[in-house]
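Written below as structure tokens is the structure these notes are about.
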Ligand code: LLP
């Protein structure tokens, strides 16, 4: 269920009317109060539970690794931690933050196709797991392990050559992508690992893409990886006991477009309401593939843990009529929600409150950034908003705040966490000093 619902025409996050948040922030002394990211704690907890409950029912060791690139807000990550998650990360600073937040280092996994030596060193020193993505990455890791005289626990990232049927920018599982070990290097990598006592091959990893809606691609990749796993087991890799099938499960970005969400005055867009398999369904399909084998399973979802838990509440600056298009200009932009511009992604958009105007029209919803690509939604049939009206972009919990930028010297907005009636500021908006501090001159010799 969703924790963003209309009550008497006003959108609520849990028990809080989202139209109250701006003045509440202002009372707290936060004057840059719009746009604002609003997250529902209960939604996050429920999303994590859906995975944890299904994983705990399996008779095998499992681990739920939150892919923190989706949203690295420390408060939100701590909720994941309290729910028993570990983390998959892709950079040294992500690793440092996860350790700072108290995640167990030995359960962290450093993934990535381009790791710097200091990042590998940090992971090895903390006994984290590392993905090997290429021959050169194995060489780097061997060098680090030898220098530190410390073992490195590694997984091999392989491409099962499966088409996840998603936007090409977020497709990673086909043969030709920059991720994963290519077939030609595989034998050499396996041979080198066999000869190096400091490299412990503990597992295999794949991640075939993101926003997946077809459950069969999870089954197919589980089959490919499991067959490879059995082959390596037979070849005597004695530390091997983990299969990590990555993340990638999509969410229903059209959930709020469905009829039931707002019967009173919203446009009904039921055209493309997609059907997404549940975490329990995906987990059961994978578990079937492994059968009685007691192999450990790691999953590392990002979007499906956090995507539907956040909205961006914007303020309407004005309405504008072009030659053949109408525009609603809001104070949120591609700097907060880049997915429409980058992947042509759909995020549902609606007014958060009744409009003073009676009429409706088809609008492009655009921000103030100096790019024609700066749009949040196109061709949306909406009530004509009045100036100052709140407008909401839905399902921005994943890959929005974390992909945000200060382009045009825009302020990264405040973020608030709602829990029942409770509101907490979990990120204050940027100030000019925040943005300028790194430019302070460094004394050079
Ligand atoms: N594991 C690995 C190795 C990954 O590369 C990713 C995401 C995940 C797990 C988590 O995938 P998820 O469950 O969130 O789909 N910026 C894009 C998504 C990029 C995903 C990158 N890798 C977007 O906004 O759609």
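Values quoted throughout were computed directly from the atomic coordinates according to the rules given, and no laboratory measurement underlies them. Values in this document were obtained by computation on a predicted structure and should not be read as measured data. FYI the Cβ positions are ideal-geometry reconstructions off the backbone, even for glycines, and counts take in every protein chain you see.
Kindly put 88, 42 in sequence by how many other C-beta atoms sit within 10 Å of each C-beta, fewest to most.
Least crowded to most crowded, the residues run 42, 88.
Take every Cα-Cα pair in region 1-138 and report what % of them are more than 25 Å apart. Intermediate results must be reported in sequence, preceding the final value.
Numbers: 4186 of 9453 pairs.
Of all Cα-Cα pairs in region 1-138, 44 percent lie more than 25 Å apart.
Relative contact order for the chain using alpha-carbon pairs under 8 Å, separation at least 6, rounded to a whole percent?
Values: 953 pairs, mean separation 85.6, N = 445.
Answer for the chain is 19 percent.
Based only on other Cβ atoms within 10 Å, what is the fewest-to-most ordering of 347, 357? Can you show the working numbers first?
Values: 347 21, 357 13.
Fewest-to-most ranking of 347, 357: 357, 347.
Measuring from the lowest to the highest alpha carbon on each principal axis, how far does region 41-305 reach, largest first, in angstroms?
The principal-axis extents, from largest down, are 67, 37, 36 Å.
Obtain the nm distance between the two label points defined at residue 285 and residue 177 by a simple spin-label model: each point lies 7 Å from its Cα along the Cα-to-C-beta direction.
1.6
Between residue 57 and residue 235, what FRET efficiency comes out of the Förster formula 1/(1 + (r/R0)^6) with R0 = 30 Å and r the beta carbon distance, rounded to 0.05?
After rounding to 0.05, the efficiency reads 0.40.
Rounded, prolate or oblate: pick one for region 83-233, where a ≥ b ≥ c are the square roots of the eigenvalues of its C-alpha gyration tensor, a/c under 1.5 means rounded, and failing that, prolate if a/b is larger than b/c, else oblate.
In terms of gyration-tensor shape, oblate.
Compute the distance in nm between two label points, each set 7 Å from the Cα along the Cα-to-Cβ direction, one at residue 372 and one at residue 408.
1.6
222 nm [θ] for the chain, helices only, -39500 (n - 2.57) per DSSP H run of 4+, per residue, to 500?
It lands at -8000 deg cm²/dmol.
Please arrange 211, 431, 150, 62 by counting, for each residue, the other beta carbons lying within 10 Å of its beta carbon, fewest first.
431, 150, 62, 211
Please check: in the Gaussian network model of the chain (C-alpha springs, under 10 Å), which one of 38, 313, 295 has the largest mean-square fluctuation.
Looking only at 38, 313, 295, the largest GNM fluctuation is found for 295.
From a point 7 Å beyond the Cα of residue 10 in the direction of its Cβ, which residues of region 329-365 have a backbone N at a distance under 20 Å?
Only 350-358 pass the distance filter.
Roughly what would the spin-label model give for residue 198 and residue 216, points 7 Å off Cα along C-beta, in nm?
The two pseudo-label positions are separated by 4.7 nm.
Please build a GNM for the chain, connecting alpha carbons under 10 Å apart, and tell me which residue among 367, 302, 102 fluctuates the most.
The residue that fluctuates most here is 102.
Share of antiparallel DSSP beta bridges in region 41-305, in percent to the nearest 5?
Looking only at bridges with both residues in region 41-305, the antiparallel portion is about 5 percent.
Provide the FRET efficiency to the nearest 0.05 for the residue 357-residue 139 pair, computing r from the beta carbons and using R0 = 45 Å.
Values: r = 64 Å, r/R0 = 1.43.
It comes out at approximately 0.10.
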